[in-house]
Structure formats: C-alpha cells, structure tokens
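The values are calculated or read from the model by the stated rules, or taken from the named source; none is laboratory data. Remember, it's a predicted structure, so these values are computed and weren't measured experimentally. Note that we place each Cβ from the backbone using ideal geometry, even for glycine, and neighbour counts take in every protein chain shown. For accessibility, only protein heavy atoms count, side chains too; no ligands or nucleic acids. Shrake-Rupley method; radii C 1.70, N 1.55, O 1.52, S 1.80 Å.
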Amino acid sequence: MSETGLLDPRSVRRIAAELDLRPTKQRGQNFVHDANTVRRIVDLAGVQADDVVLEIGPGLGSLTLGLLETGAEVVAVEIEARLAQRLEQTVRERMGDDVASRLHVVEADALQVDQLPLAPTALVANLPYNVSVPVLLRMFELFPDWAHGLVMVQLEVADRLVAPPGSKTYGVPSAKTAWYAETARVGTVPPKVFWPVPNVDSGLVRITRRPPPETTATRAQVFGVIDAAFAQRRKMLRAALSGMAGSSAAASAAIEAAGLDPQLRGEMLDVKAFARIAEQLLG
C-alpha cells in the first residue's frame, strides 16, 4: 500500500533503512515523526501559500512536507548528500509532482552556503544543537528579506535566544539575535515525537524580523562589543572592554559617554545600549 501525506514513525524508519542511515549526534540528527507536531510548528510559524520558506536541515522530510502542505515554496538546505538526493523523491511519492515542483533542494552546509535559488520570505527549521545559533545568525545576515519564522532548538538554546537583559540565560545569542528580530518562546516539544529519542525537550522560538537599532556603528562593531562584554561575564563593563578601548579609564569614559554606568555587567544591557557603546568606542 502506498504511503501519502506527512511522515509517521513507520515511514521515517523505512526511509532511514533504505538509505542505511544511522543518525549521528555529531550532526544533531533527530527526526520528527509526529504529523500533529509538524502541523503545529507550521501553524505557529505563520506560513502562508505565498511564502518562500527557507528550511535548514530537512533530514528525511517531515517538516518539509508540512511546509509544502500550505502551498508555499520551500528552499531546503541539506548538508548530507543522501538525504538531499532523497528528499524530492519523498515529496513526489507522498504528495505528487505538482507539490514537488515547489521544492528546491540545496545540497550544502548551512554555515557555508551564500546564495539560494529563491529569496526566502520565512525561515522554519529544526536546528541541530551544536550549530543552531551560528546558523540562525548567518541566515539573518545573508538573507535579509525573510520577515518571520520559527526554529525548533533544544530547550536550553531556546531560552538563550529569547532571554531578556538581566536574566541568567541572557548572553551573546540573546543580544545578537535582538539586533535582527523579536523572539518569543511559543511552545515546547517532548522527546517522544523524535527518532531517535533525544534526552532533552525542545523549544519553539517564533521570530519576527525588525530593523536593527538606529546607530552609526556597524553591526560588526556592535557584535564585537557584545563578544567582549560577555567574554568574562563577571567582569564589569569597564574591565571587559578595556582591551578594545586601550585601558580601563578609556573604557569607562566611552561607557559614560554612552549614558551608562561603567560598573554594570554586560548581562544588564540591551542591544541598543551595546550599540551606543560601540559608537563611543569605535565610531
């Protein structure tokens, strides 16, 4: 009997066996096999039929099929050759040639890809833990036209992406993501909907793109200040930024000129404050 529609546990294992695929922790390969979870992700992402959705790491195609079900175009970036080469076949078998014509597979490492066949308007992805933040920041930087999306990441990473200044989980990922977008954690996903079953819950982070802070400093300059401020979390800003400024006194003067207390620590500052400091230090 032919299988159609979204993937289920049996079809996930069948395709994996056909490919002789043994999921690896190195690439964070945990495949969703629950159709309700997939449709929930797509719904929370707000994907519409007129979207061009960028999906990173489609794997066996669970989320890809859910995105295509909306009528959207999907650009899927997959690093592993056998998965990339199998994906279109999976869509054709389960949804037909017309739907498969809306799928555009790019066989590439998301940390190295620099062009896509279509400009994305949305990003939806199940991102592997070890590269989730670098991949997301790269997609923000390289493809400025996508306006909304959702990423599924390990819960710990989700908390970092959405953390506000002053919280224990606020850090470099929080501040840099805030340069590009507003974020909100909109749900959790239990391990049981994945194969293999991971040992942690996953979090769903909704992303709404917004303009960067108004500043004369460049993004690279602001990010340099963020990196320095969090390099040693317990240091006061004047000490953490002394290397960039040339001395603790010079750092203090720049921080004060930005309207801030040099004795603050980096975790208390939002991205706009980091931008003001960058203007004084590097402008």
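The residues listed here are 246, 259, 224; of these, the one that is of a type in the set (Gly, Ala, Ser) and within 22 Å of residue 177 (Cβ to Cβ) is 224. For region 226-233, the condition holds for no residue, the condition being that it is at pLDDT 95 or above and in contact with a Ser or Thr (Cβ under 7 Å, 6 or more places away or on another chain). The set of residues in region 54-111 that are of a type in the set (A, V, I, L, M) and surrounded by fewer than 16 Cβ atoms within 10 Å (Cβ to Cβ) comprises 81, 108, 111. Restricting to region 199-222, and then to whatever is touching a Ser or Thr at 6+ places or on another chain (Cβ under 6 Å) and part of a strand (DSSP E or B), can you tell me which residue is nearest to residue 275 (Cα to Cα)? Here the answer is 207. Yes or no: residue 196 open to solvent by less than 40 Å² (accessible area, probe 1.4 Å), under 21 Å from residue 153 (Cβ atoms) and not hydroxyl-bearing (Ser, Thr, Tyr)? For residue 196, the condition - open to solvent by less than 40 Å² (accessible area, probe 1.4 Å), under 21 Å from residue 153 (Cβ atoms) and not hydroxyl-bearing (Ser, Thr, Tyr) - is not met. Beta carbons closer than 8 Å, at least 6 apart along the sequence or on distinct chains, pair a first residue in region 131-151 that is more than 16 Å from residue 182 (Cβ to Cβ) and small (Gly, Ala, Ser) with a second that is open to solvent by less than 30 Å² (accessible area, probe 1.4 Å) and in a strand (DSSP E or B) for 132/151; 132/153.
Taking the criterion of being open to solvent by 20 Å² or more (accessible area, probe 1.4 Å) and within 12 Å of the chain's Cα centre (by Cα), the residues of region 121-159 that qualify are 126, 128, 129, 130, 131, 133, 134, 137, 138, 141, 148, 154.
Summed over region 246-267, residues that are open to solvent by 30 Å² or more (accessible area, probe 1.4 Å), free of Cβ contacts under 8 Å to residues at least 60 places away in the same chain and not in a loop (DSSP other than H, G, I, E, B) total 7.
State yes or no: is residue 168 farther than 30 Å from residue 119 by Cβ, open to solvent by 40 Å² or more (accessible area, probe 1.4 Å) and touching a helix residue (DSSP H, G or I) at 6+ places or on another chain (Cβ under 9 Å)?
Judged against the criteria, residue 168 is a match.
Screening the candidates 181, 217 for the property of being closer than 30 Å to residue 145 by Cβ, without any contact (Cβ under 8 Å) to a residue 60 or more places away in the chain and surrounded by 15 or more Cβ atoms within 10 Å (Cβ to Cβ) yields one hit, 181.
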